[in-house]
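The values are calculated or read from the model by the stated rules, or taken from the named source; none is laboratory data. Please read all numbers here as calculations on a predicted model, not as lab measurements. Positions of Cβ are generated from backbone atoms using ideal geometry, with glycine treated the same way; all protein chains shown enter the neighbour counts. Accessible surface areas use protein heavy atoms only, side chains included; no ligands, DNA or RNA. Shrake-Rupley method; radii C 1.70, N 1.55, O 1.52, S 1.80 Å.
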Amino acid sequence: MSEIRLNSILDNDFYKITMQNAVVKLFPSQIVKYEFINRGKHHFPDGFDVALKNTVDKMAELKLTKEEKKFLAKTCPYLNLPYLDFLEGYHYDPTEVKIVQSGNDLSVTVEGLWYRTILWEVPLLSIISELHYEMNHMERDSNDVVMTKTLEKADSLNNLGVTFAEFGTRRRHSYKVQNLVMEALTQKKDSTFIGSSNVHFAMKYGVKPIGTHAHEWFMFHGAEFGFKMANELALEHWVDVYRGDLGVALSDTYTTDVFFQQFDKKFAKLFDGVRHDSGDPLEFADKTIAHYQNNGINPLFKYIIFSDNLNLEKVEEITNYCKGKIGVSFGIGTNLTNDVGLKPMNIVMKLIGVQALNKEWIPTVKLSDEHGKYTGDPKMIELAKEFLRIKD
């Protein structure tokens, strides 16, 4: 078996960096826990845990290079020098990760200070995905086929006239495939491709790193401050740190309807747009447009980033529906980095608990617009639904 290892500490989604910066500033003492969720019921071969542990142990050697620090300072001026100095001194601590295999089942949990453990999720998922294909001896499409498929998708998206970014790190087939995809996407100078959520590849290919925050930002606020205050405080704290930069708000941690109740005129004007990540995209577009109009804001001055399980057909349908109504952009993940003739994995890693001052664990929940994507302790899910008056 060939060795799998990460090439850079920036081989991660940009929103992990931006959230880590905010956590360092606002919540430096919070302890949290993450858990791997095998949504696709994938089987893991014997010895998978050992191979995963070996890779995780090697991650302790990763350090921010001087060139990487310069890239972040120039490209992301809202990440100030104290944070960049912190990141330069940061290293992964493998003792924060617990890996257990029982038969074909895999358990992975991460526990520790939030500002330290926040970077584990995305690389762990990408490593699990790559190891899964390798240890099951699954043959992918050739490099030429991967490049050709990607170029054809880029041409189709260019013809639609929509901007799009690559969002596929966490469930990529492998580092090599993501690298091929990025090479293909950056070949044409007149492309509508605008960047990557992967900071390492954004730097390597000279494009913009794309991202703001993830569900865990809102899930933490729900556990720490209560479900009714979660959206409002999460947005307020984001504004406190970024002062108008990174202005795309994720809308569906406690359902979109609840989000828009708290996304008042102040936030609607201050944030550039919202991100859609679950539920019917056209229904979401209607709700978003109506919300802006009800607050006296022209939706054409705002935009939606769609990022939920996209393919070319969905992108075309959404584009045609939203044309002349609101701005749109797309973050395309698995369909770019794992369209290699094999079934993509359906795996996630979620924040599952926040430690209170008395050392007791408060479970987190996510109430997606799709009931099948609800995550968290069942009792806490029911409590959150009751507090927020969410009916199935």
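Annotations
- Residue within region 285-305 that is under 18 Å from the mean Cα position of the chain (by Cα), of a type in the set (Lys, Arg) and surrounded by 19 or more Cβ atoms within 10 Å (Cβ to Cβ) present: no
- Within region 83-110, the set of residues being of a type in the set (Ser, Thr, Tyr) and over 11 Å from PHE36 (Cα atoms) comprises TYR83, TYR90, TYR92, THR95, SER102.
- Under the condition of being outside any loop (DSSP other than H, G, I, E, B) and of a type in the set (Gly, Ala, Ser), the residues counted in region 287-301 number 1.
- Flag for GLU216 being touching a residue at least 12 places away in the same chain (Cβ under 8 Å) and under 18 Å from the mean Cα position of the chain (by Cα): yes
- Pairs linking a residue in region 307-336 that is on the phi > 0 side of the Ramachandran plot to a residue that is at pLDDT 95 or above and open to solvent by 10 Å² or more (accessible area, probe 1.4 Å), with Cβ atoms under 9 Å and 6 or more positions apart or on different chains, are ASN309/GLY333; ASN309/THR334; ASN309/ASN335; GLY324/LEU300.
- Residue selected from region 183-199 under the condition assigned to a loop (DSSP other than H, G, I, E, B) and either open to solvent by 70 Å² or more (accessible area, probe 1.4 Å) or touching a residue at least 40 places away in the same chain (Cβ under 8 Å) (or both), by the criterion nearest to LEU336 (Cα to Cα): SER197
Each row is one residue, and each column tells you yes or no for (1) at pLDDT 95 or above; (2) among the charged types (D, E, K, R); (3) assigned by the TED database to the domain that holds ALA223.
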position	(1), (2), (3)
GLU317	yes, yes, yes
LYS323	yes, yes, yes
ILE326	yes, no, yes
GLN355	yes, no, no
THR375	no, no, no
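- Hey, ALA22 surrounded by 20 or more Cβ atoms within 10 Å (Cβ to Cβ) and out of contact with any Pro (no Cβ under 7 Å at 6 or more places or on another chain) or not: yes
- Pairing each residue of region 9-20 that is outside the structural domain of TYR175 (by the TED database) with any residue that is aromatic (Phe, Trp, Tyr) and part of a helix (DSSP H, G or I), provided the two are 6+ apart or on different chains, yields C-beta distances under 7 Å for MET19/TRP217; GLN20/TYR115.
- Residue, nearest to THR212 (Cα to Cα), within region 1-28, restricted to residues that are assigned to a loop (DSSP other than H, G, I, E, B) and hydroxyl-bearing (Ser, Thr, Tyr): SER8
- Pairs, first touching a residue at least 40 places away in the same chain (Cβ under 8 Å) and on the phi < 0 side of the Ramachandran plot in region 59-86, second assigned to a loop (DSSP other than H, G, I, E, B) and of a type in the set (Val, Ile, Thr), C-beta under 7 Å, six or more apart: LEU62/ILE9; LYS63/ILE9; LEU64/ILE9
- Scanning region 188-199 for residues that are at pLDDT 95 or above and in contact with a helix residue (DSSP H, G or I) (Cβ under 8 Å, 6 or more places away or on another chain) yields a total of 7.
- Restricted to region 200-286, the set of helices (runs of 4 or more DSSP H) holding at least 2 residues that are closer than 24 Å to THR319 by Cα and of a type in the set (D, E, K, R) is empty.
- Among the residues of region 343-380, those that are open to solvent by 20 Å² or more (accessible area, probe 1.4 Å), farther than 20 Å from LEU124 by Cβ and either under 18 Å from the mean Cα position of the chain (by Cα) or aliphatic (A, V, I, L, M) (or both) comprise ALA356, LEU357, ILE362, ASP369, GLU370, TYR374, MET380.
- Being surrounded by 14 or more Cβ atoms within 10 Å (Cβ to Cβ) and closer than 19 Å to ASN38 by Cβ is a description that does not apply to THR319.
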